[in-house]
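To start, the structure itself, in structure tokens.
None of the figures in this text is laboratory data; all of them are computed from the coordinates on show. Since we're looking at a predicted model, the values are computed, not measured. Every residue, glycine among them, receives a Cβ derived from its backbone with ideal geometry; neighbour counts consider all protein chains shown.
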């Protein structure tokens, strides 16, 4: 009985935090659903500035510890690379996302084409997997074309799925917070 009362006391102290967490998750989910592309760019921008900070901290720590040219050349390279790439991410998030998804689209398109070619080998060998392999290869190639033609579509779709997860999780938290 005492442990149940302790559990209730702990929960009642955490109830406002649970409700606030649920509310923040719902608001974030709605904001992302309203404009998933801007959310992608903002996420890349934030990660970019975090990388800039990491690069600067790495460079400063390499210099503080002594002679960086002899003691920590890998830290210098890592710090410079992180700061430079982070700066590109922070300043140009849209083009970077488009470039990355275009490269991914090209790789997926090539994979789909190779799958269709391999399905031809299945067909010549009389395998029952020839038709499913052909269909799978065609779908893969088409998804690659979509990613090349509209590189923000896959990124936006990922954000929409994440937003839906935030909404469901946020509503669950609110229900949990209100229910007990």
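Computed over the chain with a Gaussian network model linking Cα atoms closer than 10 Å, the most mobile of 85, 99, 63 is 63. Stretching the chain fully between residue 35 and residue 85 yields a gain of 15.5 nm (0.36 nm per residue, less the alpha carbon separation).
Straightening the chain between residue 171 and residue 20 buys 53.3 nm, computed as 0.36 nm per residue apart minus the Cα-Cα spacing. Quick check for you: which residues of segment 75-116 have the amide N under 15 Å from the point 7 Å beyond the Cα of residue 54 toward its beta carbon? Label zone hits: 75-90.
Note on the chain: Kirkwood hydrodynamic radius from all Cα pairs is 20.7 Å, rounded to one decimal. Extending 7 Å from Cα along the Cβ direction at residue 77 and again at residue 121 yields two label points whose distance is 3.7 nm.
Which residue fluctuates most in the GNM of the chain (Cα springs below 10 Å): 57, 30, 160? Checking each option, the largest mean-square fluctuation is seen for 57.
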